[in-house]
Amino acid sequence: MTAELVRGQNHPLSQSRLEIRISAGTPVAAAAALSDENGRIHGTEWVAHPGAPVQPGLEVSRQAAADHRLAVDLDAVTEAVHRVSVLLALPAANGGAGPARFGAVAAPFVAVTGLDGTEVASYTITGLDLESAVVALELYRRQGAWKVRAVGQGYAGGLAELFADQGLSEAAQLAAGIDEAVARGLARSVQAPPPRTSEGDRSRQAAAPAVGPDQGAAPQGAPGPVPPAYGGQPAGGQGQGGPQPAYGGATGPHASAGGGPVDYSHPRRQTSAPPPPPPAAPPAQPGQPTRPVAGDATGWSMEERLYNQVWGMFEDLARTAAAYRSAVDFAESRMDKELEQALSDPRSRIGGQGDAAREAARARYTQLVDQARASLERDVAQLVAESEVVEPALPPAFARWDNPCWHAYRVPMEIPMALRLGDLRLPEAESIRIPMLLRLPLERGLWIDSGRTDSLDGSFTDSHDMRRLAMDTAVAHAARLLAVYPAGEFTVHVVDPAGSGAQALAPLTQTGVLAGPPAQGAAGVTEVLARLTQRVDLVQMALRGGAPDALPPGFDTSQQLLIVNDFPHGFDDRAVNQLRYLVDEGPSVGVHLMMVADREESAGYGPLLDPLWRALLRLTPVPDDHLADPWVGHAWTYEPPAVPHGSEVLRTVLTQVAEARRTWNR
């Protein structure tokens, strides 16, 4: 699965031989810089560029083009190298005829792939304006392993300013040399011969219109985007002026002024291979429904297909239940209307005629309801059959705790698409449970409500048991989050002022997966909240200032989760305001909140707490029909994720997570 990065986000690399693929809306010069642990370039020999395209472990293109492929072998770089930065620059920024700023062209796209073409991570560099050079991304060492980080740092002063910012004393001379090498490459580029059909050359010829620099025009003789190694001659032949368009405007995206063919494909349409076809269902017997297959939805990976299939099942059940309810409402409305008509005639109110009319109305009502029920049961049976093949095929992030996939659990290398928070069901279809999947990374925190004292089945639970169940549910959610993230990419903190959650927290504390012991007392609450709010401030300042690397040395860049138990015990007004700040600002910088609290007990804070309550996703430790979908308005019954009684799966998984964290931090 490809990780689509945003500025400042990182992703682990599991292989050392890679390709960096670059796509831009105009020809760009690509380079790669080697630097030490402080980000400093020690000399011009540490930069691979069109004038010196090969360095140890690096090879870049010798020309400016709209599409590039850079080869990287991380095992071949020297021990002194800790970062490999991928650089892009506009060759026309120093007096050429092309665009002079990235804000005038389409956002460049950079992808890190394996040698087989499989994408590992990708990054679209947005937000550029006056910049003519940019550090697209960097590959860097951490604890002996390599990771990729999306940077997107632009420089209006071009390559000279970029190299100077990275500590290179010969920045201006190197930038001038790269511009000269790019100019020589453009001057040497020749027109690609037009392809010929089996019946001869019948491709349509067209002259290229003149377009301005900010409309995507390349310099005279610049290479076009397809193929990137070739370029076009000036319009009208050798020696005649006029800029050559990178995309051919009205004559076609890749029209050639030198007599080449016109390509009528859309200039921004993806040209990568389509996703592999989903598994085909086995042929059904005559008169029988098609047998379901796990992963038969659309998607680029099996994980994405299963995710789409699960939510397709959710939509099917919602639609089926809505149709049944609508049919029952119609039958009731029709029966009421027919009874009203029968009783409105005084002659038919008494006697056999009236009884017959009422009996006929009730019979038609029963017939309509039976038809709707039969249709509902048929659809639910098909969904149950689909669930029986989908559930065993789900990966750990989507699976229940009793799924056998946990017995073969290994700490993942990539973040999954989503996380299972429990199950959803409707009263009309008690035999089917739909996994409740939440996309990752989290966009909002969770509130585990410990205040309910009764469940839908009529059983009564006292307040002490509810608090214990709420903490057990919170621990199960936290354990799953730790289990589905790569080692070192997710950190959990706990605030337990009175120590009442010690028993429920035992799987987390005894396996050593927490960032530290649970904070207790008012002083512990203050210390943890101050540390996390300061973290949010630091990351926000770094991102807003365009300097994601300007964080303190040793700064933990992993996602953070704070579990708060027994709220509001140990919290004053300042602490509540800090919680609200973490809820509002934390998710955008990777800080999330999980509250375990009774809404009624917390009501003492009044309006101060209402925004906190509304901003979090409310879950319960017992089945509760409190979740409503905005699509058809159903009230769905939520069932929390229950670890099988007596099972050691939670501790086994957390033990592996703890061992992977220790190995990562060595």
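For this structure, a couple of remarks:
- Label-to-label distance, nm, for residues given as residue 353 and residue 503 (7 Å Cα→Cβ offset): 7.4 nm
- Förster radius 30 Å - calculated FRET efficiency between residue 291 and residue 4, Cβ distance, rounded to 0.05: 0.30
- The equivalent ellipsoid of region 92-158 has semi-axes of 27, 14, 10 Å, largest first, where each one is the square root of 5 times an eigenvalue of the Cα gyration tensor.
- With the simple model of a label 7 Å out from the Cα in the direction of the Cβ, residue 375 to residue 36 spans 7.5 nm.
- Note on region 467-561: Kirkwood radius taken over Cα pairs, Stokes-Einstein applied at 20 °C and 1.002 mPa s, translational D equal to 145 µm² s⁻¹.
- Rg and Dmax over the alpha-carbon atoms of region 19-77 stand at 11.7, 33 Å.
- Region 1-99, Rg to Rh (Cα coordinates; Rh as Kirkwood inverse mean 1/r): 0.98
- FRET E, pair residue 580, residue 341, Förster distance 45 Å, beta-carbon r, rounded to 0.05: 0.15
- Residue-by-residue Karplus 3J(HN,Hα) for region 40-46, coefficients 6.51, -1.76, 1.60, Hz, glycine and proline x: 9, 8, 7, x, 5, 6, 8
- With a simple spin-label model that places each label point 7 Å from the Cα along the Cα-to-Cβ direction, the separation between residue 302 and residue 360 comes to 6.1 nm.
- Ellipsoid semi-axes in whole angstrom, largest first, where each is sqrt(5λ) of the Cα gyration tensor of region 321-386: 34, 11, 4
- Shape class for region 366-509, computed from the alpha carbon gyration tensor (a ≥ b ≥ c): oblate, with a/c not under 1.5 and a/b at or below b/c.
Quick note: the coordinates plus some simple rules give every number you see, no bench work behind them. Remember, predicted model here, so these are calculated numbers, not experimental data. Counting neighbours? That spans all protein chains shown, and the Cβs are built from the backbone with ideal geometry, glycine included.
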